[in-house]
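**Q** One structure is given below, represented as structure tokens, and several questions about it will come after.
The values are calculated or read from the model by the stated rules, or taken from the named source; none is laboratory data. This one's a predicted model, so the numbers in the text were calculated from it and none came from an experiment. Neighbour counts are summed over all protein chains in view; Cβ atoms, including those assigned to glycine, are modelled from backbone coordinates with ideal geometry.
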Amino acid sequence: MGLSTGVAAMIGALFGGGRNVVRETAELFMENTEAGAEREAAWRAAALGQFAGEFVQPRKGAFDRFIDGLNRLPRPALALGTLGLFVAAMVDPVWFAARMQGIQLVPEPLWWLMGAIVSFYFGARHQLKGQEFQRSLVETMGRTGTVVRNIGALQALDAGTRAFDDPNPALEDWRGDGR
């Protein structure tokens, strides 16, 4: 009786009270893979949540949409205005020449100011488009390894199917390979 009571007390000390001392001791030296997977999943979910938060587009009001529309006007206006100048020069050359004489009266500092404004506007757009291009290039390069592995697997499959092809004498004769 005493021995069984002592063993029961020892088992109760090791595994009683909702604890498992053996498992807890082993986890000091080796990670619990299930708990590690749960931590990894939580970490990935938090990272994805943070990334998703960076790309959330806030709902824009009427004023923001109006300003966005205005920001889209300069390039088409400049292109259409330039074409309009060509048309005006062909339709009424005297009227066009009079207007060009008026442009010669614009002071040089005003030309510098207009050049700076146009340069900043188009320069900023050029920089933005260049960064988007570089970002897409990095994404493409990131997929290169997968594409190379896929091509290798497809070539291995193709080589495997060709290895099992038996020579077909009728086909070789038709091709003119008749040996």
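A quick yes/no check of all residues on (1) at pLDDT 75 or above; (2) touching a Cys at 6+ places or on another chain (Cβ under 8 Å); (3) over 30 Å from residue 121 (Cα atoms); (4) in a helix (DSSP H, G or I):
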residue	(1), (2), (3), (4)
6	no, no, yes, yes
14	no, no, yes, yes
18	no, no, yes, no
22	no, no, yes, yes
26	no, no, yes, yes
43	yes, no, yes, yes
47	yes, no, yes, yes
51	yes, no, no, yes
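**Q** Also, quick follow-up: When you scan the range 160-168, do you find a residue that is surrounded by 10 or more Cβ atoms within 10 Å (Cβ to Cβ) and at pLDDT below 90, even just one?
**A** yes
**Q** Take the residues in the range 53-77 that are of a type in the set (D, E, K, R) and outside any loop (DSSP other than H, G, I, E, B), then tell me which one is modelled with the lowest pLDDT.
**A** 54
**Q** Which residue, of 133, 86, is closer than 30 Å to residue 58 by Cα and part of a helix (DSSP H, G or I)?
**A** That would be 133, the only listed residue that is closer than 30 Å to residue 58 by Cα and part of a helix (DSSP H, G or I).
**Q** Among the residues of the range 92-112, which ones are of a type outside the set (Phe, Trp, Tyr) and either surrounded by 10 or more Cβ atoms within 10 Å (Cβ to Cβ) or touching a Phe, Trp or Tyr at 6+ places or on another chain (Cβ under 7 Å) (or both)?
**A** Of everything in the range 92-112, those that are of a type outside the set (Phe, Trp, Tyr) and either surrounded by 10 or more Cβ atoms within 10 Å (Cβ to Cβ) or touching a Phe, Trp or Tyr at 6+ places or on another chain (Cβ under 7 Å) (or both) turn out to be 92, 93, 97, 98, 99, 100, 106.
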